[in-house]
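Asks: Structure in structure tokens, see below.
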Amino acid sequence: MRLATWNVNWLAARLPRVTAWMEEHQPDVVCLQETKLADDKFPSDVFSDLGYEAVHHGDGRWNGVAILSRLGVHDPVLGFRSAEDEHGCRIIAATCGGVRVHSVYVPNGRSLDNEFYGIKLDWLARLRTMLDETCQAGGSVAVCGDFNVAPDDGDVWDPGHFVGMTHVSEPERAALRQVEGWGLNDVFRQFNEPGVFTWWDYRAGDFHEGRGMRIDLVLVSDDLAGRASGAFMDRNARKGQKPSDHAPVVVDFTDA
DNA sequence: ATGGTGGCCCGGCCA
């Protein structure tokens, strides 16, 4: 199974790039974030023509998450049980090829003194609760998406630059570890050295200057981690005309 | 360096 995650920063603008990328890389399951589409505007037919079933959770303006799969889409769950915990459309789950897949877009947090920072920490705690409530220990589980947290200092271009900022603060990293504590592994790290990033600000030539962060993660249960055969970030998808500010992350698994 | 860019929808918000 080839599993991918990509924050596309508005699917309407990115659809040609996304479909071309899927045809080139042939993922079996794709988690998308920041589609910024209402459900009735989601281009299910385009993905259907490529052989993928899709489930989408979006309200049209901000956020928006989806799962595309050519291994089936079973038992989809849109959002948390309580919408007020979710702060927009930020999580969708479905079973694809025997794996419980989650596509997540964690709140940005804005700044350490902003109310959205607390919302971000609460959201990550709520994610852990969802895993506790809906996933069986020992099952095949993947939580993929834009976590808006760089797991450690090797995941940012310059730790000194980020002192006092979100994405790197200890409470955020601790909240991420609590999610991983369900029994998930940051599988990208098995195959890549520190310094491989997934997001670069559009501004000031950050991409070309290498000023990025690794905030797009694929967290998988132990059985999947044991079957992982490779993982990469596709830098080419961040180049050229009208890119997302995120690059996709791909992980390959051998069959069970 | 409080800029810079690029999305939402068309002025302020969000990343």
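Asks: Reachable aspartates and glutamates from residue A:120, Cα under 15 Å, same-chain residues fewer than 8 places away excluded?
Replies: Reachable aspartates and glutamates: A:84, A:85, A:86, A:146, A:170, A:172.
Asks: On to the next question. If you restrict to DSSP beta bridges whose two residues both lie in chain A, what percentage is antiparallel, to the nearest 5?
Replies: Within chain A, antiparallel bridges account for around 80 percent of the total.
Asks: Normalising by the residue count of region A:1-137, find the relative contact order in percent from Cα pairs under 8 Å and 6+ residues apart.
Replies: Value for region A:1-137: 18 percent.
Asks: Using only the Cα atoms of chain A, what are the Rg and Dmax in Å?
Replies: 16.7, 47
Asks: Let me check against my output: what whole-number percent is the relative contact order of chain A, with C-alpha pairs under 8 Å and at least 6 apart?
Replies: 19 percent
Asks: While we're on this one: Under 26 Å from the Cα of residue A:41, which lysines turn up, not counting those fewer than eight places away in the same chain?
Replies: Filter leaves A:242.
Asks: Restricting to bridges with both residues inside region A:96-218, how much of the DSSP beta-bridge set is antiparallel, in percent to the nearest 5?
Replies: Close to 55 percent.
Asks: Which of the chymotrypsin sites (Phe, Trp or Tyr not before Pro) found in region A:50-121 are in a DSSP loop and have at most 16 neighbouring Cβ atoms, other than their own, within 10 Å?
Replies: Sparse-neighbourhood loop chymotrypsin sites (Phe, Trp or Tyr not before Pro): A:62.
Asks: What whole number of Å gives the distance from the Cα centroid of region A:1-76 to the Cα centroid of region A:146-180?
Replies: First find each Cα centre; the distance between them is then 27 Å.
Asks: Any aspartates and glutamates with Cα under 16 Å of the residue A:239 Cα? List them, leaving off those in the same chain fewer than 8 positions away.
Replies: A:24, A:201, A:206, A:209
Asks: Can you sort A:113, A:158, A:222, A:252 from fewest to most other Cβ atoms within 10 Å of each residue's own Cβ?
Replies: Numbers: A:113 7, A:158 10, A:222 14, A:252 18.
Ranking A:113, A:158, A:222, A:252 by Cβ neighbours within 10 Å, fewest first, gives A:113, A:158, A:222, A:252.
Asks: For region A:98-219, max minus min Cα coordinate along each principal axis, in Å, sorted largest first?
Replies: 44, 35, 21
Asks: With an 8 Å cut-off on Cα pairs and a minimum separation of 6 or more residues, tell me the relative contact order of region A:69-164 in percent. Mind showing how you got there, number by number?
Replies: Values: 113 pairs, mean separation 23.3, N = 96.
RCO, region A:69-164: 24 percent.
Read-outs: derived from the displayed coordinates by stated rules, not from any lab. Remember, it's a predicted structure, so these values are computed and weren't measured experimentally. As a convention, Cβ positions derive from the backbone with ideal geometry for all residues, glycine included, and neighbour counts pool all protein chains shown.
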